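One structure below.
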Amino acid sequence: MQRKSVLRILMVAIAMMVCFVLAGASAMAQSDTHLGDRRCSNRTLFGDYASQIEGTILGPNLPIRGLAMAHFDGKGNITQVDHIVFNGIPPAEEWTPGTGTYSVNPDCTASAVINSPSGQGPVNLHFVVVSHGKQINQVVDANAVTAVAYKVD
């Protein structure tokens, strides 16, 4: 009788362990699938992206508006031109060139540094890659400036 009770307890324990293992495997598979949809790398950004830039330069509280056309090479390098209007004053050079580097994390968060010959750099950015690399939502570090970039087809 005591042996039957021990066997029942063992069978229930084994059944519960199998359920936990299967539930864990199912959760891991769902997690991997979800991450699979969001996996990003430097290669996710390849081609030309047009940005609209808006915000305020902190300190003097100057409004900033601008446009940029950036080329991402898929390997971590950026070349771009921008037209930035500070406090209603257009730039001395109509389209200012810039170069830099970027790094995209597997979770699609990213950062970049842009250098410009205008001496207003480096500009440090953080951004999120969305829609499988078709859009980039950016913020400029140390200022209240944001940008949204769309891949140019």
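The values are calculated or read from the model by the stated rules, or taken from the named source; none is laboratory data. This structure is a prediction, so every number in the text was calculated from the model and none was measured. Quick reminder, even Gly has a Cβ in these numbers, built from the backbone with ideal geometry, and neighbours come from all protein chains shown.
Kindly indicate which of 55, 74 is assigned by TED's automatic domain parsing to the domain that holds residue 142 and either at pLDDT below 95 or farther than 30 Å from residue 144 by Cβ (or both).
Testing whether each residue is assigned by TED's automatic domain parsing to the domain that holds residue 142 and either at pLDDT below 95 or farther than 30 Å from residue 144 by Cβ (or both) leaves just 74.
Taking the stated definitions as given, is residue 92 of a type in the set (A, V, I, L, M) and not in a strand (DSSP E or B)?
yes
If residue 109 passes every condition in (1) touching a Phe, Trp or Tyr at 6+ places or on another chain (Cβ under 8 Å); (2) surrounded by 15 or more Cβ atoms within 10 Å (Cβ to Cβ); (3) hydroxyl-bearing (Ser, Thr, Tyr) but one, which one does it miss?
So residue 109 meets the others, but not (2).
Among the residues of segment 46-78, write down those that are of a type in the set (Ser, Thr, Tyr) and surrounded by fewer than 15 Cβ atoms within 10 Å (Cβ to Cβ).
56
What's the number of the only condition in (1) modelled with pLDDT under 95; (2) loosely packed, with under 15 Cβ neighbours inside 10 Å that residue 95 fails to meet?
(1)
Mind listing whichever residues of segment 117-141 are closer than 16 Å to residue 47 by Cβ, touching a residue at least 24 places away in the same chain (Cβ under 8 Å) and either basic (Lys, Arg) or not in a helix (DSSP H, G or I) (or both)?
Passing the criteria: 129, 136.
Using beta carbons and a limit of 7 Å, which pairs, at least six apart or on different chains, have the first residue in segment 62-86 and on the phi > 0 side of the Ramachandran plot and the second one assigned to a loop (DSSP other than H, G, I, E, B)?
Every condition considered, the pairs that remain are 74/45.
Restricting to segment 37-59, name every residue that is under 18 Å from residue 140 (Cβ atoms) and touching a residue at least 12 places away in the same chain (Cβ under 8 Å). Before you say what the answer is, go through the steps one by one.
Step one: filter segment 37-59 for residues under 18 Å from residue 140 (Cβ atoms), giving 45, 49-59.
Matches in segment 37-59: 45, 49, 50, 51, 52, 53, 54, 55, 56, 57, 58.
Give just the number: which of (1) modelled with pLDDT under 50; (2) touching a helix residue (DSSP H, G or I) at 6+ places or on another chain (Cβ under 9 Å) does residue 40 not satisfy?
The number of the failed condition is (1).
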